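One structure below.
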Protein chains: 2
Amino acid sequence: MAPPFQRHIFVCTNRRPDGHPKGDCATKGSEEIRAAFKTELDKRGIKGTMRANAAGCLDTCAFGPSVVVYPEGVWYGGVKLEDVPVIVEEHLIGGRPVERLLMKFAKKEAKPGEAKPADTKPPGTP
Amino acid sequence: MAPPFQRHIFVCTNRRPDGHPKGDCATKGSEEIRAAFKTELDKRGIKGTMRANAAGCLDTCAFGPSVVVYPEGVWYGGVKLEDVPVIVEEHLIGGRPVERLLMKFAKKEAKPGEAKPADTKPPGTP
């Protein structure tokens, strides 16, 4: 396996101390979910072009277990073990994100005064 | 901060037992590099639209400390602490990847017989 990867799957495997108000994805089974992604990619012979990676907190604790797939930036929430082969088959191989598992959050706009990251040069740079 | 992020930076913070032949990014200072990304994003007021994330092994141990920026899929290797503000300024804000830090690896093609992940349906799916 070697990058760059055609699709790079990040599974939050963050674990917080017991009783933390935010909870965490590991307690909700995300380590098993990550392992299942690895197994499914291997089974289908595509682990050479895709990677199921562990990630720290993806800042979507309320929606966990959280998974994000790049480069397309598709976010999945509340992922269960049995959803993994479906995501692999329909999205990673088939190219169709699994609608029912998409994380629901509003698109953010940069706040006024925030730097506007883009393809343009910020003022003052050469 | 909330996703989706305009740019999502993953820093490998994997740590292996001492003396492991592959080495690891944490031993090469990647935890400090990740912290520096967070500080720089905060300082520039863009931590609302970008996130510096910890990641498990990115499978580029020989090139570490390893960083990948999505959605563009730009890979940096051998990143030093002093490179962080440069990457933030030139790439994350300015949109110009920092050429001298790009990881050098060959583009991979899918092997014959491997599933070909794409936007097309694989044979046999409905």
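The values are calculated or read from the model by the stated rules, or taken from the named source; none is laboratory data. Predicted model, so just to flag it, every value in this text is computed and none were measured. Heads up, the Cβs are rebuilt from the backbone with ideal geometry, glycines too, and the neighbour counts pull from every protein chain shown. To get the accessible areas, we keep the full protein, side chains included, count just its heavy atoms, and leave off ligands, DNA and RNA. Shrake-Rupley method; radii C 1.70, N 1.55, O 1.52, S 1.80 Å.
Can you find even one residue in segment A:22-41 that is within 11 Å of the chain's Cα centre (by Cα), among the charged types (D, E, K, R) and at pLDDT 95 or above?
Among the residues of segment A:22-41, at least one is within 11 Å of the chain's Cα centre (by Cα), among the charged types (D, E, K, R) and at pLDDT 95 or above, which makes the answer yes.
Here is a yes/no grid of residues against (1) surrounded by fewer than 21 Cβ atoms within 10 Å (Cβ to Cβ); (2) touching a helix residue (DSSP H, G or I) at 6+ places or on another chain (Cβ under 8 Å); (3) at the interface with chain B (Cβ under 9 Å from one of its Cβ atoms):
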{"position": "A:Gly19", "(1), (2), (3)": "yes, no, no"}
{"position": "A:Ala26", "(1), (2), (3)": "yes, no, no"}
{"position": "A:Phe37", "(1), (2), (3)": "no, yes, no"}
{"position": "A:Gly45", "(1), (2), (3)": "yes, no, yes"}
{"position": "A:Cys61", "(1), (2), (3)": "yes, no, no"}
{"position": "A:Val67", "(1), (2), (3)": "no, yes, no"}
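Scan B:Arg7, B:Arg44 and give me the residue that is out of contact with any Phe, Trp or Tyr (no Cβ under 9 Å at 6 or more places or on another chain), at pLDDT 95 or above and not small (Gly, Ala, Ser). Steps first, please.
Details: B:Arg7 fails: out of contact with any Phe, Trp or Tyr (no Cβ under 9 Å at 6 or more places or on another chain).
Exactly one of B:Arg7, B:Arg44 is out of contact with any Phe, Trp or Tyr (no Cβ under 9 Å at 6 or more places or on another chain), at pLDDT 95 or above and not small (Gly, Ala, Ser), namely B:Arg44.
Evaluate the following for A:Arg15: is it of a type outside the set (Phe, Trp, Tyr), within 12 Å of chain B (Cβ to nearest Cβ) and either in contact with a Pro (Cβ under 7 Å, 6 or more places away or on another chain) or open to solvent by 10 Å² or more (accessible area, probe 1.4 Å) (or both)? Working first, answer last.
On the way: of a type outside the set (Phe, Trp, Tyr): yes; within 12 Å of chain B (Cβ to nearest Cβ): no; either in contact with a Pro (Cβ under 7 Å, 6 or more places away or on another chain) or open to solvent by 10 Å² or more (accessible area, probe 1.4 Å) (or both): yes.
Taking the combined requirement at face value, the residue does not satisfy it.
Name the single residue, out of those in segment A:69-93 being more than 7 Å from every other protein chain (Cβ to nearest Cβ) and β-branched (Val, Ile, Thr), that is surrounded by the fewest Cβ atoms within 10 Å (Cβ to Cβ).
A:Val86
Which residues, taken from segment A:94-105, are part of a helix (DSSP H, G or I) and within 11 Å of chain B (Cβ to nearest Cβ)?
Of the residues in segment A:94-105, the ones part of a helix (DSSP H, G or I) are A:99-101.
Listed by number, the list is empty, since nothing qualifies.
Restricting the search to segment A:47-59, which residues are open to solvent by 10 Å² or more (accessible area, probe 1.4 Å) and among the hydrophobic types (A, V, I, L, M, F, W, C)?
Correct list: A:Ala54, A:Cys57.
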